[in-house]
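Presented below is the structure to which this report refers.
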Amino acid sequence: MDSHFVANCDLGVSEDSHGKLNNTNYEGECVIQFERKGSTFLIIHEYSCICHRFGFLQVATLERLVFDFLGYMWAPILTGFLNIIFILFGIFGAHQFRPKLLVVYAVWSALWLLWNLFVIFLYLEIAGLSLEKHSYFLNFGSGSESWWYENGLGCNVTYNITTADNGRVQQTRLGVEGCFLDYRYVEVIHAAVHIVLTLISLVVSILLIQYITLTHHTNHSPYNSSQYT
């Protein structure tokens, strides 16, 4: 028995009298629909809805980058910028039906998933990882910390302030108390959200690649074969 999965968004395409898919400018609801044929899933309608999946991930990455910049966390900043670039690859590949770009995005998505798993393991100190010993993977040895360490909701930072003989004021952090949520869990939540969004985008990308490949080889592509490059 055939099975279907339907998701809604605001972008759309339409079919002409010859059965080809064309971009439309109408405002309204569009559908991306997966039809199961045996053990194969086919995308059979409204491919451009995938752009919304990429869009959610893009927004989440930008939000995360802001706080990484505030905390001078150089490795997350670098990987975040790379993620934005490859998401653009995915958006363009989905919109233009270019499977090679989608493959590039899919490969990067696998690496992005591994990076976020590593971040979770590091902050939770799983599998022998420790923030005290391995924080250089995040800050490249600069000694910087997550912005959420001192600036989380409800956090109160205690400093020991001293004045040197030359009149220079020095302050040493004694501790952070009262945080509603420990900074490590904030970072873990960020990473977990990215894992969920990336998994969704990755699965949809793979299905779209499969659809493009199948329609191309069976000569039922909605576009000219010259576009599959």
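Residues in the range 111-134 that are of a type outside the set (A, V, I, L, M) and within 16 Å of residue 82 (Cβ to Cβ): 112, 115, 116, 118. Of all the criteria given as (1) over 30 Å from residue 211 (Cβ atoms); (2) open to solvent by 20 Å² or more (accessible area, probe 1.4 Å); (3) modelled with pLDDT of 95 or more, the one not satisfied by residue 119 is (2). Is there any pair with a first residue in the range 178-195 that is small (Gly, Ala, Ser) and a second that is open to solvent by 70 Å² or more (accessible area, probe 1.4 Å) whose Cβ atoms are under 8 Å apart and which are 6 or more apart or on different chains, and what are they? So the pair list comes out as 178/156; 191/117. When residue 93 is tested against (1) under 19 Å from residue 200 (Cβ atoms); (2) within 15 Å of the chain's Cα centre (by Cα), just one condition goes unmet, and that condition is (2). Looking only at residues in the range 122-160 that are charged (D, E, K, R) and open to solvent by 70 Å² or more (accessible area, probe 1.4 Å), the one that is farthest from residue 187 (Cα to Cα) is 133.
In the range 60-94, the residue that is most open to solvent (accessible area, probe 1.4 Å) out of those that are among the aromatic types (Phe, Trp, Tyr) and farther than 13 Å from residue 109 by Cβ is 72.
The values are calculated or read from the model by the stated rules, or taken from the named source; none is laboratory data. The shown structure was predicted, so the numbers you read here are calculated from the model rather than taken from an experiment. Please note: Cβ atoms are built from the backbone with ideal geometry, for glycine as well, and neighbour counts cover all protein chains shown. We work out accessible area using only protein heavy atoms, side chains counted, and drop any ligands, DNA or RNA first. Shrake-Rupley method; radii C 1.70, N 1.55, O 1.52, S 1.80 Å.
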